Amino acid sequence: MICRPHEGPEEYEFDLFGVTFSDGVERLICKSDIVPRDYIPRVVYKINEMTGLYYEVGSFIKEDGNKYVFVPVD
């Protein structure tokens, strides 16, 4: 769920969607057809194959229309 404001009363469902970034690696981002675009966090996730859990690895920016650029966590 995405809440707006953070932990607020507005709740929206989203899906994790695989995106191939400009470096050629597929990672997961939040995507939804019902959530307003500015509500969706720009967080990038990977799945841990051992546990099946998702973990945050960075964020993304979108350039030139549909080009996703990965920004790793420092």
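The values are calculated or read from the model by the stated rules, or taken from the named source; none is laboratory data. Owing to the predicted nature of the structure, the values given are computational and were not obtained by experimental measurement. Neighbour counts run over all protein chains shown; Cβ positions are idealised from the backbone, glycine included.
Some notes on this structure:
- Segment 17-36, subset at pLDDT below 90 and hydrophobic (A, V, I, L, M, F, W, C), residue nearest to Y68 (Cα to Cα): C30
- Among the residues making up segment 29-49, those that are more than 13 Å from K62 (Cβ to Cβ) and in a loop (DSSP other than H, G, I, E, B) are S32, D33, I34, V35, P36, P41, N48, E49.
- Test for Y39: is it surrounded by 11 or more Cβ atoms within 10 Å (Cβ to Cβ), at negative phi and modelled with pLDDT under 85: yes
- Scanning segment 57-66 for residues that are closer than 16 Å to K31 by Cβ and either of a type in the set (D, E) or in contact (Cβ under 8 Å) with a residue 24 or more places away in the chain (or both) turns up just one, F60.
- Segment 42-74, subset among the charged types (D, E, K, R) and more than 11 Å from the chain's Cα centre (by Cα), residue surrounded by the fewest Cβ atoms within 10 Å (Cβ to Cβ): D74
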